[in-house]
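> Below you will find the structure I want to go over with you.
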Amino acid sequence: MESTGTVLRELRGAQKTSKGVSLYSRYVNRPAGRVLAAGAYRAGLTPNQVTLVSAGFTFAAIAAVALSEPSWRLGFLVWAGLAVGFAFDSADGQLARLTGRGGPDGEWLDHVVDCAKLILVHSAVLISFHRFGPLPGDAWLLLPLAFLFVAVLTFCAGLLREQLGKAAARTAPGPAGPAAPVSSVRAVALLPADYGVFCLVFLLLGAPGAFRAGYALLAAVHAVFLVAFLAKWFRELRALRAG
């Protein structure tokens, strides 16, 4: 079997484009996922098994939010579980590209887990707010529902944009145009919308007021990004029809 160093070099050559990726995913999550993918390769795991490992870390952390009273220790454990789960979420795709064992089933499973974690993480925050208050007012219970709406709509609309774009590219005559250069400014601007950055807010669980403020700020930022993304994706799809 190839050495870990050799596997890591091969994984570096099998990365997806960095276009539209935030600095966190580019410099933290993908490199961490690369190390995990190399370990999974040497352990003989399949990409789907790595996806299930990701789900295990993520869902355990989410369950802890709903079932345990907020504390600094809980916040660290939740953040660690979510961050490790996110890194394994990167590792499954990297392993699939390295081994050539990816397929529709793996892509479907990955999207199902991603959608489930978006639904469950905000549901867990709602449960925590309800169980472990007190809250400044009952209106705070609407915040996780609003964040849930924004997160799921962004995920579904983005996934549809990707799939419809691929379908249009397959039917479009002629070669594809040159890829747009990766923008460092865009990578920085996308940081607040990155799931890895969102996970950091759980480090504030030991200070309920600070957690609510950070969670509300992220919800507002994600809502702004949703409006911007929807307008951008609609323009892009309309341009594909015109072309």
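The values are calculated or read from the model by the stated rules, or taken from the named source; none is laboratory data. Quick caveat, the model's predicted, so the values are computed rather than measured. Note: ideal-geometry Cβ built from the backbone for every residue, glycine included; neighbour counts use all protein chains shown. Surface accessibility is based on the protein's heavy atoms, side chains included, excluding ligands, DNA and RNA. Shrake-Rupley method; radii C 1.70, N 1.55, O 1.52, S 1.80 Å.
> Would you tally the residues in segment 187-209 being part of a helix (DSSP H, G or I) and more than 28 Å from Ser54 (Cβ to Cβ)?
Looking only at that region, the number is 2.
> Restricting attention to segment 104-140, which residues are aliphatic (A, V, I, L, M) and within 23 Å of Tyr195 (Cβ to Cβ)?
Leu109, Val112, Val113, Ala116, Leu118, Ile119, Leu120, Val121, Ala124, Val125, Leu126, Ile127
> Moving to a separate point now. Here is a list of conditions, (1) modelled with pLDDT of 95 or more; (2) not in a helix (DSSP H, G or I), and Lys19 meets all of them except one; can you say which number that is?
Against the list (1) modelled with pLDDT of 95 or more; (2) not in a helix (DSSP H, G or I), Lys19 comes up short only on (1).
> If you don't mind, there's one more thing I want to ask. Suppose the filter is modelled with pLDDT under 95 and either open to solvent by 20 Å² or more (accessible area, probe 1.4 Å) or more than 20 Å from Gly44 (Cβ to Cβ) (or both); does Leu118 pass it?
No.
> Sort through Ala168, Ala157 and tell me the only one that's more than 30 Å from Ser68 (Cα to Cα) and at pLDDT 95 or above.
Ala157
> Also: So in segment 171-185, with the set limited to residues that are open to solvent by less than 90 Å² (accessible area, probe 1.4 Å) and of a type outside the set (Val, Ile, Thr), which one is modelled with the highest pLDDT?
Ser184
> Return a yes/no flag: does segment 35-47 have any residue that is open to solvent by 10 Å² or more (accessible area, probe 1.4 Å), without any contact (Cβ under 8 Å) to a residue 60 or more places away in the chain, basic (Lys, Arg) and assigned to a helix (DSSP H, G or I).
yes
> Another question, then. Restricting attention to segment 52-88, report how many residues are under 14 Å from Asp114 (Cα atoms), surrounded by 16 or more Cβ atoms within 10 Å (Cβ to Cβ) and small (Gly, Ala, Ser).
Selection size over segment 52-88: 5.
> Oh, and also: So if I check each of Leu126, Leu98, which one is open to solvent by less than 70 Å² (accessible area, probe 1.4 Å) and under 30 Å from Leu204 (Cα atoms)?
When all the criteria are applied, what remains is Leu126.
> Determine the pairs where a residue that is within 25 Å of Gly133 (Cα to Cα) and without any contact (Cβ under 8 Å) to a residue 12 or more places away in the chain, located within segment 210-229, has a partner that is assigned to a helix (DSSP H, G or I) and of a type in the set (A, V, I, L, M, F, W, C) with Cβ atoms under 7 Å apart, the partner being 6 or more residues away or on another chain.
Correct list of pairs: Ala210/Leu204.
> Any residue at all in segment 68-90 that's over 27 Å from Leu191 (Cβ atoms), in contact with a helix residue (DSSP H, G or I) (Cβ under 9 Å, 6 or more places away or on another chain) and either part of a helix (DSSP H, G or I) or modelled with pLDDT under 90 (or both)?
Checked against the condition, which is being over 27 Å from Leu191 (Cβ atoms), in contact with a helix residue (DSSP H, G or I) (Cβ under 9 Å, 6 or more places away or on another chain) and either part of a helix (DSSP H, G or I) or modelled with pLDDT under 90 (or both), segment 68-90 yields no hits at all.
> When only residues in segment 198-243 that are surrounded by 17 or more Cβ atoms within 10 Å (Cβ to Cβ) and over 23 Å from Leu142 (Cβ atoms) count, which is modelled with the highest pLDDT?
Leu203
> Read through the list (1) farther than 16 Å from Ile62 by Cα; (2) open to solvent by 40 Å² or more (accessible area, probe 1.4 Å), then give the number of the only condition that Arg131 fails.
(1)
> Considering each residue of segment 137-150, count those that are without any contact (Cβ under 8 Å) to a residue 40 or more places away in the chain and open to solvent by 40 Å² or more (accessible area, probe 1.4 Å), and give that number.
Residues flagged as without any contact (Cβ under 8 Å) to a residue 40 or more places away in the chain and open to solvent by 40 Å² or more (accessible area, probe 1.4 Å) within segment 137-150 amount to 6.
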